[in-house]
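In what follows, a single structure is set out as structure tokens and then discussed.
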Amino acid sequence: MKFAVGLLAAGLTLTACSGTTAAPSPVTVTAPAPFPATPTADPAVVSWVDGFCAAVNGYRKRTNAEAEPGRPEPKTVAEAQKALSEELGAFAARTGEVVDKLTALPAAPVPLAETVRTSFLRKFTTSRDRAARAKTTLDGAKPGDEASQTPAGDAVEKAQRDLDGTYDPVAPLAGSQDLLLATATAPGCKM
């Protein structure tokens with residue numbers, strides 16, 4: 001073992017004294033990759049997303065604006081029928097406006113957008129039709145017909161439930177990078 005250590009020490013001494021040094025390895029410096037440019041949304045996608053969001057958010061804004069705080073309680077069954085009929089009519093008008101706007105949108109530029117539009121259109125159409133049918137039925141009842149109010153009140157609740165999942169137009173579009181990018185710049189998506 002002493003012999004191996006001695007040979008190793010002699011080898012190191014000869015290398016150190018020989019005066020030859022290994023050439024330093026070349027240093028390569030590479031410039032960092034440029035930051036990727038901020039992606040910009042396709043104007044056609046932004047336009048479509050803006051129309052979609054504006055239709056849905058328009059419903060929410062109109063619903064809030066038409067809410068009547070402190071509305072006096074009806075004193076008779078006939079007054080209650082009238083108030084419920086007005087509520088159903090306003091509900092059908094608001095949802096009908098969304099149906100018209102969603103139907104008027106051009107073909108969706110991204111497949112997911114068309115899937116989302118179809119889903120929202122189905123929900124708003126179902127809600128509109130339910131409210132309109134209930135209003136027609138209620139309006140056909142005799143004034144003071146107490147039994148006519150229960151189905152009309154149930155229709156209001158069901159029409160509102162028909163819209164579950166439609167209050168945030170942006171969330172269902174998040175599955176597409178193009179749509180998500182467009183929602184960030186579309187004015188109709190700002191609430």
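Quick notes
- Out of A54, A90, A107, sole residue that is in a loop (DSSP other than H, G, I, E, B) and of a type in the set (A, V, I, L, M, F, W, C): A107
- Members of region 88-106 found to be within 21 Å of D129 (Cβ to Cβ) and open to solvent by 70 Å² or more (accessible area, probe 1.4 Å), listed by number: D100, K101, T103, A104
- T76 being under 27 Å from the mean Cα position of the chain (by Cα) and among the hydroxyl-bearing types (S, T, Y): no
- Test: residue in region 26-36 that is in contact with a Phe, Trp or Tyr (Cβ under 9 Å, 6 or more places away or on another chain) and either at pLDDT below 85 or open to solvent by less than 70 Å² (accessible area, probe 1.4 Å) (or both): no
- Of all positions in region 141-148, none carries a residue that is crowded, with 17+ Cβ neighbours inside 10 Å and either among the β-branched types (V, I, T) or under 30 Å from A182 (Cα atoms) (or both).
Residue-by-condition table, conditions (1) touching a Ser or Thr at 6+ places or on another chain (Cβ under 8 Å); (2) closer than 17 Å to Q160 by Cα; (3) not in a helix (DSSP H, G or I):
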position	(1), (2), (3)
P69	no, no, yes
S85	no, yes, no
E97	no, yes, no
D100	no, no, no
L112	yes, no, no
F124	yes, yes, no
R130	no, yes, no
A134	no, yes, no
D139	yes, no, no
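- Condition met for A147 (at pLDDT 95 or above, out of contact with any strand residue (DSSP E or B) (no Cβ under 6 Å at 6 or more places or on another chain), among the hydrophobic types (A, V, I, L, M, F, W, C) and part of a helix (DSSP H, G or I)): no
The values are calculated or read from the model by the stated rules, or taken from the named source; none is laboratory data. Computed from a prediction, not measured in an experiment: that's the story for all the values here. Cβ sites come from the backbone with ideal geometry, for glycine too, and all protein chains shown count toward neighbours. Accessible surface areas use protein heavy atoms only, side chains included; no ligands, DNA or RNA. Shrake-Rupley method; radii C 1.70, N 1.55, O 1.52, S 1.80 Å.
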